[in-house]
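Structure record follows, encoded as structure tokens.
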Amino acid sequence: MSEILDKIPEYIDFGEKKTTADDEELEKIYLRENNYLAVIGYKTLEDFARFTSSEDLSMDTIEYVGKDRIYFTGLKRRAVYRRASEAILREYLSDYKCATPDHQCMDCYNCYTYGGTNLVKGETKSIRSRMKMTTSYSIQSSIDAIVDEDEFHIMVHRDLEMAQGDEGQEKGSIHTITLIKPNTVFPFIDIIFNPTKFDLAMYLETVERGDAEGYGSKGSLLGTMSTEILGIVDNLDITYKDLLKKIEVDEEGEVDASKIDEIIDMSISKEELEDLKHSLPKMIEKYEDEIYHDLN
Ligand SMILES: [Zn+2]
């Protein structure tokens, strides 16, 4: 087994009560250590996307590392992951009632992982997220990544439905619809604090589901993605600047990340990651009581 996996526990029950040196009873989630794993990789858009949810439909772009780029916020990614993770847990236990955003139980695996604030038994309970998805930026410049008018016309003819927009409200005006093209590549760094093998297994399954569901604005089916993991590390020696400078994408959308492979130690093999993901059902069964806790 890889050194990284070797070092982390299989599961931690963050709801477990611990007594501190001052004789105070605290749930384990509040006794944070500074262990983390960073998952480094890139996401490629599989279809058209519109990330912005603002009224004016303007595109989220920012000047960063030498060009104007589309940015894809960590919060958006995390929101999709949280819902996907919740859906996975529900598949294994239909009675599981925890639901984002209005019915967070604050006592299940998802709540101890993605955090939240809620009124529980008459008092406010707050949990900080152990998942930090950082905001990522497109490799391609915004000009190359955003669909222009000519391309939009071709697209509309190919797929009339796309011009309808959400619930048919937007009548396909080329002036109000801005879309990001397929093959736009977003390197990402996702951080898991106090990581466990179960976290990683859930993360892998969650990312796969999130990608299939898509990251487009609410109500649209746009923005499905695929994810390539380049490394899982316990340091942050690699930055977004490295990723944006060293990952190359050609006109056909072929990604070349070999320069990252040279500087990152892929200490977990693809096979190990697959095995980990496949061990998820067994782990859910094994830790069922800790994952779901009190169902009422
Ligand atoms: Zn919950």
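The values are calculated or read from the model by the stated rules, or taken from the named source; none is laboratory data. The shown structure was predicted, so the numbers you read here are calculated from the model rather than taken from an experiment. Glycine also receives a Cβ, built like all others from the backbone with ideal geometry; neighbour counts cover every protein chain displayed.
What residue, among those in segment 81-114 that are more than 10 Å from the ligand (Cβ to nearest atom) and either more than 20 Å from the chain's Cα centre (by Cα) or assigned to a loop (DSSP other than H, G, I, E, B) (or both), is farthest from Glu205 (Cα to Cα)?
Ranking the qualifying residues of segment 81-114, first place goes to Asp102.
Assess whether Asp159 counts as being of a type outside the set (Lys, Arg) and at pLDDT below 95.
Yes: the conditions hold for Asp159.
Taking Leu45 as meeting all but one of (1) away from the ligand (no atom under 16 Å from the Cβ); (2) buried (at least 18 other Cβ atoms within 10 Å of the Cβ); (3) free of Cβ contacts under 8 Å to residues at least 40 places away in the same chain, write down the number of the exception.
(3)
What number of residues in segment 1-53 are hydroxyl-bearing (Ser, Thr, Tyr) and in a strand (DSSP E or B)?
4
Kindly check whether there is at least one residue in segment 272-295 that is of a type in the set (A, V, I, L, M, F, W, C), surrounded by 16 or more Cβ atoms within 10 Å (Cβ to Cβ) and without any contact (Cβ under 8 Å) to a residue 40 or more places away in the chain.
No: segment 272-295 contains no residue that is of a type in the set (A, V, I, L, M, F, W, C), surrounded by 16 or more Cβ atoms within 10 Å (Cβ to Cβ) and without any contact (Cβ under 8 Å) to a residue 40 or more places away in the chain.
Going through segment 219-264 one residue at a time, which ones are surrounded by 13 or more Cβ atoms within 10 Å (Cβ to Cβ), within 19 Å of the chain's Cα centre (by Cα) and of a type in the set (Gly, Ala, Ser)?
Ser220, Gly223, Ser226, Gly231 - these are the residues of segment 219-264 that are surrounded by 13 or more Cβ atoms within 10 Å (Cβ to Cβ), within 19 Å of the chain's Cα centre (by Cα) and of a type in the set (Gly, Ala, Ser).
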